[in-house]
Every structure is written in C-alpha cells, then in structure tokens.
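J.: Quick one: structure below, then a few questions.
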Amino acid sequence: MHSVSPSHAGVVYDGAVTRADVHEWESGLDDVLAWIRPLFYRTESRKHAEQYFRGLLSPIERKNG
C-alpha cells in the first residue's frame, strides 16, 4: 500500500527511494553548488543562489523565481 504525505498531496512514498539515494542526490547537488559558487562574489549572493536551487528541487508545488 502506498502512503501519501498529507502536506505533499501527490507525492507518493512507497519505499522506492532509499537513504542512500537521498545522500547521493545531496552529494550531486553539493557538486553543482561548488561549481557555481565562484560565480557569486558576495557571501549573501552565494547563499541566496544555493537556497534558490534547493527551492527549485523541493517538493513544494508552487515555485516563484
């Protein structure tokens, strides 16, 4: 049986994603962020860019760019 998170209707958690998968994705995201960080001179800009990328990849239904 599939369970659906009430706060993320439409997102199905059926055990198909493991902790290892999440760690691998996080590592991949860290690699991408390390690649783009030098493009942002200011610390605040780097931090905002990271938050923006994480937001785009989040399960939030509506995103505002």
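The values are calculated or read from the model by the stated rules, or taken from the named source; none is laboratory data. Because the structure is predicted, anything quoted here is derived from the model rather than measured. Glycine also receives a Cβ, built like all others from the backbone with ideal geometry; neighbour counts cover every protein chain displayed. Remember, those area values only see protein heavy atoms, side chains included, never the ligands or the DNA or RNA. Shrake-Rupley method; radii C 1.70, N 1.55, O 1.52, S 1.80 Å.
J.: If you go through the range 43-50 one residue at a time, do you hit one that is open to solvent by less than 70 Å² (accessible area, probe 1.4 Å), at pLDDT 85 or above, touching a Leu at 6+ places or on another chain (Cβ under 6 Å) and closer than 23 Å to ARG62 by Cα?
T.: There is at least one residue in the range 43-50 that is open to solvent by less than 70 Å² (accessible area, probe 1.4 Å), at pLDDT 85 or above, touching a Leu at 6+ places or on another chain (Cβ under 6 Å) and closer than 23 Å to ARG62 by Cα.
J.: I've got another one for you. Mind counting the residues in the range 10-60 that are among the small types (Gly, Ala, Ser) and touching a residue at least 24 places away in the same chain (Cβ under 8 Å)?
T.: Residues that pass the stated criteria total 1.
J.: Moving to a separate point now. Looking only at the range 8-21, decide whether some residue is open to solvent by 70 Å² or more (accessible area, probe 1.4 Å), outside any helix (DSSP H, G or I), modelled with pLDDT of 80 or more and acidic (Asp, Glu).
T.: Within the range 8-21 (the criterion being open to solvent by 70 Å² or more (accessible area, probe 1.4 Å), outside any helix (DSSP H, G or I), modelled with pLDDT of 80 or more and acidic (Asp, Glu)), the answer is no, since none of the residues qualifies.
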